[in-house]
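Take a look at the structure set out below.
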Amino acid sequence: MVRPVPSTPAATVSVALTTCNGAKYLREQLASHVAQTLLPCEIVVSDDCSTDASVSIVEAFARQSPVPVRLIRNPTRLGYSENFLATIARCRGDFIALSDQDDVWTPDKLAICLEAMRASEAALTMHSAAVVDGDLNVIGELRQFGAGRKAVLPPLAIDPLPLMAYGLTLVFRRRLLQLVDCAARPHSASFPEQLMSHDEWIFLLASIFGTIAIVPDRLVLYRQHGANVYGEASAPGSGVQRWRQISLAGYERRLAFLSEVASVLEQHGPRLEGRDRWLAKQGARRYMRLASHMQRRLAMHRARGAQRRMARFAGMVLHGAYLPRALGLKSMLKDFLAIVRNPVGNSEN
């Protein structure tokens with residue numbers, strides 16, 4: 001299992017920062033790293049072929065920084081997630097904090113996160129973030145798993161659909177990414193043509209192999225300025241309309257994701273030792289069981305006629321498909337309403 005934090009002050013934190021044409025806000029982010037009450041042991045910056053002043057800003061900062069700065073310039077563009085994974089691989093600290101190029105950290109971010117991990121022996125901690133505009137005016141709060149609450153979650157306790165966690169809110173043990181090769185990570189449930197993003201992958205590993213500590217504090221100013229790689233935006237339609245909508249294509253993507261995670265754990269679990277191997281085995285079983293439930297769900301919605309669909313629905317209830325650690329009660333109500341609203345079936349609704 002992921003090991004506890006040493007009870008000595010020797011535990012170190014690396015900052016993994018990626019840049020790509022981020023000169024406009026980069027100075028503020030770098031300044032917030034060295035304004036921490038608990039200083040990182042290093043700042044590792046990987047530039048992904050910037051054509052603006054990003055590299056020169058980092059070089060100038062490194063000359064006067066109280067923290068060692070290592071700058072890597074990629075010869076060819078890796079892309080957002082691959083660049084982060086490459087940067088993480090170069091970090092030397094016991095813990096790693098992910099940093100985008102355009103946000104601002106509060107001074108106590110690292111101190112609060114490490115204290116939460118020490119208290120709970122967590123593999124990963126995540127916190128809330130204030131959403132701000134280009135001038136750092138607060139315009140909202142980041143919507144992600146666990147936002148606004150305090151909790152400690154044991155291994156395999158998190159619903160994997162969806163795994164909603166933003167990298168800018170994560171601090172994790174470097175050892176996590178040594179358990180399973182990043183190249184073996186599954187495809188995304190949301191974007192099946194892509195492998196899981198770096199932050200989804202890290203959060204997935206932590207949810208299987210370690211405890212996750214959630215702190216409610218807003219420890220990052222998450223800047224939205226119109227040029228973000230990813231942004232915080234509301235989906236079209238009301239929450240009720242989105243909740244009631246059935247998407248067979250979406251369920252197919254989820255089924256593929258669950259099956260692929262189970263396969264990865266089955267393949268890599270035997271290479272692990274002790275509790276890590278046991279958790280990989282338990283994780284594979286859980287994801288296979290969820291995939292089986294999702295397969296039944298697809299078959300139910302594809303069946304023609306309300307009677308057949310209701311019979312399949314009843315079978316899913318009897319098989320425990322809607323228990324809290326399976327598809328959940330909301331899915332049960334959603335499926336029931338879909339049968340009532342669309343008695344013919346076999347459609348995307």
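The values are calculated or read from the model by the stated rules, or taken from the named source; none is laboratory data. Remember, predicted model here, so these are calculated numbers, not experimental data. Don't worry about glycine lacking a Cβ; one is built from the backbone with ideal geometry, like all the others, and counts go over all protein chains shown. Quick note on the areas: whole protein, heavy atoms, side chains included, nothing else; ligands and nucleic acids left out. Shrake-Rupley method; radii C 1.70, N 1.55, O 1.52, S 1.80 Å.
Observations
- Sequence-separation-based contact order of the chain, relative, with Cα cut under 8 Å and 6+ spacing, percent: 16 percent
- In the chain, the portion of solvent-accessible area held by carbon and sulfur atoms comes to 55 percent [1.4 Å probe, whole percent, DNA, RNA and ligands not counted].
- From helices alone, the chain scores -13000 deg cm²/dmol at 222 nm; the rule is -39500 (n - 2.57) for each run of n ≥ 4 DSSP H residues, then divide by the residue total.
- Value of relative contact order over the stretch 102-189, rounded to a whole percent, pairs C-alpha under 8 Å and six or more apart: 27 percent
- Counting 0.36 nm for each residue step from R304 to A89 and taking away their Cα separation leaves a gain of 72.3 nm.
- Of the whole protein surface, W278 contributes about 130 Å² of accessible area at a 1.4 Å probe radius.
- Mean Kyte hydropathy of -0.5 or more with a Cα span along the axis of at least 24 Å, helices from DSSP in the chain: 248-268
- Label selected from [x] 39, 23, 18; [y] 28, 25, 19; [z] 33, 22, 19, the criterion being semi-axes √(5λ) of the Cα gyration tensor in Å as computed here: [x]
- Along the chain, longest interval not containing exposed GluC sites (Glu not before Pro), exposed being DSSP loop plus at most 16 other Cβ atoms within 10 Å: 1-120
- Within the listed set A291, A249, A338, the Gaussian network model of the chain (springs between alpha-carbon atoms below 10 Å) gives the highest mean-square fluctuation for A249.
- On full extension, the segment bounded by I72 and T51 gains 6.1 nm, given 0.36 nm per residue less the C-alpha separation.
- Pairs of Cα atoms farther than 18 Å apart, the stretch 281-336, %: 28 percent
- With the simple model of a label 7 Å out from the Cα in the direction of the Cβ, A119 to L38 spans 1.2 nm.
- Solvent-accessible area per residue, Å², over the chain with all protein chains present [probe radius 1.4 Å]: 46 Å²
- Taking 7 Å steps out from each Cα toward its Cβ at R271 and D135 produces label points 5.2 nm apart.
- Mean Cα-pair separation over length for the stretch 245-285, i.e. relative contact order, pairs under 8 Å, 6 or more apart, %: 36 percent
- Once both labels are positioned 7 Å from their Cα atoms along Cα-to-Cβ, the gap between W278 and Q295 label points is 2.9 nm.
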